[in-house]
Amino acid sequence: MDALADPIRRSIVRQLASSPDWTRACGSFDLPVTNGTLSHHFATLRGAGLLEQRADATRRLNRLRRSEFDERFPGLLALVINEPSD
């Protein structure tokens, strides 16, 4: 739950939800934070099991683990994904 408490992380989840798996690199997110802070947010989401990353040359591509997370916490991701943007 802590992973989804931060608005930046919720924004990452919403952006991943609207993109096909493995098409979004970490650097493709337009967010008002430094690269170091963005890395921290991705690590938090990974640690919570919300996203999976894989290396693609010099980039890290992301996938939202929607089905796995929905199985464990039904409806939670839908609330985050459908939350109005600021």
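The values are calculated or read from the model by the stated rules, or taken from the named source; none is laboratory data. From a predicted model like this one, the values you see are computed outputs, not experimental measurements. Cβ atoms come from the backbone with ideal geometry, glycine included; neighbour counts cover every protein chain shown.
Applying the set (1) touching a Leu at 6+ places or on another chain (Cβ under 8 Å); (2) outside any loop (DSSP other than H, G, I, E, B) to Q15 leaves exactly one unmet item: (1).
Checked against the criterion of being under 13 Å from the mean Cα position of the chain (by Cα) and of a type in the set (A, V, I, L, M, F, W, C), the candidates A3, A57 yield just one match: A3. Looking at this structure, is A57 more than 24 Å from P84 (Cβ to Cβ), aliphatic (A, V, I, L, M) and at pLDDT 95 or above? It is false that A57 is more than 24 Å from P84 (Cβ to Cβ), aliphatic (A, V, I, L, M) and at pLDDT 95 or above.
Summed over the range 45-86, residues that are hydrophobic (A, V, I, L, M, F, W, C) and in a helix (DSSP H, G or I) total 8. Among the residues of the range 22-34, those identified as under 11 Å from L61 (Cβ atoms) and either outside any loop (DSSP other than H, G, I, E, B) or modelled with pLDDT under 95 (or both) are R24, A25, C26, G27, S28. Put simply, of G27, G75, G47, G36 the only residue that is touching a strand residue (DSSP E or B) at 6+ places or on another chain (Cβ under 8 Å) and either surrounded by fewer than 12 Cβ atoms within 10 Å (Cβ to Cβ) or in contact (Cβ under 8 Å) with a residue 24 or more places away in the chain (or both) is G27.
Applying the set (1) without any contact (Cβ under 8 Å) to a residue 12 or more places away in the chain; (2) within 15 Å of R14 (Cβ to Cβ); (3) surrounded by 15 or more Cβ atoms within 10 Å (Cβ to Cβ); (4) of a type outside the set (V, I, T) to L64 leaves exactly one unmet item: (1).
Against the conditions (1) in contact (Cβ under 8 Å) with a residue 12 or more places away in the chain; (2) in a loop (DSSP other than H, G, I, E, B), R10 satisfies every one except (2).
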